[in-house]
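To start, the structure under review is shown below, and the notes come after it.
The values are calculated or read from the model by the stated rules, or taken from the named source; none is laboratory data. All of these numbers come straight from a predicted model, not from anything done at the bench. Cβ placement follows ideal geometry from the backbone for every residue including glycine, while neighbour counts extend to all protein chains displayed. Heads up: the accessible areas ignore ligands, DNA and RNA and are worked out on the full protein's heavy atoms, side chains in. Shrake-Rupley method; radii C 1.70, N 1.55, O 1.52, S 1.80 Å.
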Amino acid sequence: MKTALSQLAAVRPRNLAHALTLLHESLGDERLVPLAGGTDLFVYLHAGTLPAKRFLDLAPLKELRGVRVGKAGLSIGAMTTFDAIARHRACAAWPMLPQAARVVGAAQIQNRATIGGNVANASPAGDSLPVLLAYDATVRVASVRGERTIPFAELYSGYRRLALEPDELITGFDLPPRPDGAHERFRKVGTRAAQSISKVVFAGVVHAWRGGVDLARLAWGSVAPTPVRARAAEHALLGRAASPDVARDAVTALARDLSPIDDIRSDAGYRASVANALLAQFLASAHPSFRNR
Ligand SMILES: Cc1cc2nc3c(=O)[nH]c(=O)nc-3n(C[C@H](O)[C@H](O)[C@H](O)COP(=O)(O)OP(=O)(O)OC[C@H]3O[C@@H](n4cnc5c(N)ncnc54)[C@H](O)[C@@H]3O)c2cc1C
């Protein structure tokens, strides 16, 4: 049943420390649900699948917004919207970020939806998740006990389950620099170009030189209960010189990494064959020696 709007309350914290205290104190009673852009939460409220009535409005938290670049790489606040990511000059140096940001819903969604909300919503189809995985991001989280970091690859412990305590907030993401000459590509395959949820989403970074492949991060969404790194396919590439045989080995190994399912958006067989094609295309674009002559 839909929740009547008149029954909902949003608490507005003064700053991050205040927000963390309010969240912690709410655990003994009715836990406050963090509210970022609301583009997922309002859908759940409308559908009547979210029983919560009290929300912690993260909008006042300036500490959680913005993009900074430094020697250690790129830092993005959890409350940064996809529109801000798509427009920010510093993000252009991590091109899969603006590429993914521009295909999250349409302009109206991108204006409100935050990267922190996308990650915390924990849908395996979330478009920014494979990008953060392929960039080997670290997640910053905070609670009244202080701050800690979680490697993005360890954030999801199962289908829509986050390795977060109930009183922790995601505050941001740190992306380390990549080696010069690394090749990267983001691909989203959905029913159409805009306003469609991914059937398969891919983000890859590979560095191949004459001596062989020395970096391979192949990240996938919508093909397993959580976003996944394709470790078997990566293993088939690492340390080997680029060749059509090596590309074929990686595509064959990919079947061991992914566990696609049939659902309302697609079926497992289609997802697997799209994933194979995306990997083959990615490798062919990364180095000419991966291509069949
Ligand atoms: C029409 C439409 C189209 C969409 N298209 C796409 C699409 O193409 N691709 C895609 O990936 N998504 C899509 N979405 C889903 C949604 O827009 C994104 O997941 C968005 O990034 C969610 O961010 P938000 O700020 O709106 O989160 P909210 O809805 O505010 O929150 C989402 C969840 O995250 C939690 N949360 C938020 N911030 C934090 C934080 N800092 N710390 C801890 N928990 C937090 C909330 O409690 C909630 O559980 C679409 C949604 C709609 C309505």
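For the pair Tyr159 and Ile109, the difference between a 0.36 nm per residue extended length and the Cα-Cα distance amounts to 15.6 nm. Relative to the longest principal axis of the C-alpha atoms of the chain, give the angle of the C-alpha long axis of helix 244-257, reported between 0 and 90° and rounded to the nearest 10°. Approximately 30 degrees, to the nearest 10.
Couplings 3J(HN,Hα) of region 98-113, computed from phi: x, 4, 5, 4, 6, 10, 7, x, 10, 3, 4, 5, 4, 5, 10, 5 Hz, in residue order, whole Hz [Karplus 6.51 cos²θ - 1.76 cosθ + 1.60, θ = phi - 60°; x for Gly and Pro].
In order along region 47-55, the phi-based Karplus estimate (6.51 cos²θ - 1.76 cosθ + 1.60, θ = phi - 60°) of 3J(HN,Hα) comes to 7, x, 9, 10, x, 4, 10, 10, 10 Hz; Gly and Pro are listed as x.
Using only the Cα atoms of the chain, build the gyration tensor, take square roots of its eigenvalues as a ≥ b ≥ c, and label the shape rounded, prolate or oblate: rounded if a/c is under 1.5, else prolate if a/b is larger than b/c, else oblate. Prolate, since a/c reaches 1.5 and a/b exceeds b/c. Pairs of Cα atoms nearer than 8 Å and 6+ residues apart set the relative contact order; for region 1-66 it is 51 percent. For region 21-69, the square roots a ≥ b ≥ c of the C-alpha gyration tensor eigenvalues yield an a/c of 1.5 or more together with a/b not exceeding b/c, which makes the shape oblate. Extension gain, Asp245 to Arg31: 0.36 nm times the residue separation minus the Cα-Cα distance gives 71.7 nm. Taking Cβ atoms as reference points and 13 Å as the exclusive limit, the residues near Ala142 contribute a net charge of -2, counting Lys and Arg as +1 and Asp and Glu as -1. Using the alpha-carbon atoms, what tilt in degrees (0 to 90, nearest 10) does helix 16-25 show relative to the longest principal axis of the chain? The angle comes out at about 70 degrees. For region 156-293, what class follows from the C-alpha gyration tensor (a ≥ b ≥ c being the square roots of its eigenvalues): rounded when a/c is under 1.5, otherwise prolate if a/b is larger than b/c, else oblate? Oblate, since a/c reaches 1.5 and b/c is not below a/b. Spin-label model, Leu238/Lys53: points 7 Å from Cα along the beta carbon direction are separated by 5.2 nm.
Here r is the Cβ-Cβ distance between Ala92 and Asn15 and R0 is 35 Å; the resulting FRET efficiency, rounded to 0.05, is 0.70.
Taking the protein heavy atoms of the chain in the context of the full set of protein chains, the accessible area attributed to carbon and sulfur is 53 percent at 1.4 Å. Note on Asp214 and Ala255: their simple-model spin labels are 3.4 nm apart, each label 7 Å out from Cα toward Cβ. Between region 163-179 and region 6-23, the C-alpha centres lie 21 angstrom from each other. Accessible area per residue for the chain, computed on protein heavy atoms with a 1.4 Å probe, is 48 Å².
Derived scalar couplings between HN and Hα for region 133-142 equal 5, 5, 7, 6, 6, 10, 9, 9, 10, 9 Hz in order, rounded to whole Hz, by the Karplus curve 6.51 cos²θ - 1.76 cosθ + 1.60 (θ = phi - 60°), x for Gly and Pro. Per residue, the average separation of C-alpha pairs within less than 8 Å and at least 6 apart gives region 142-293 a relative contact order of 17 percent.
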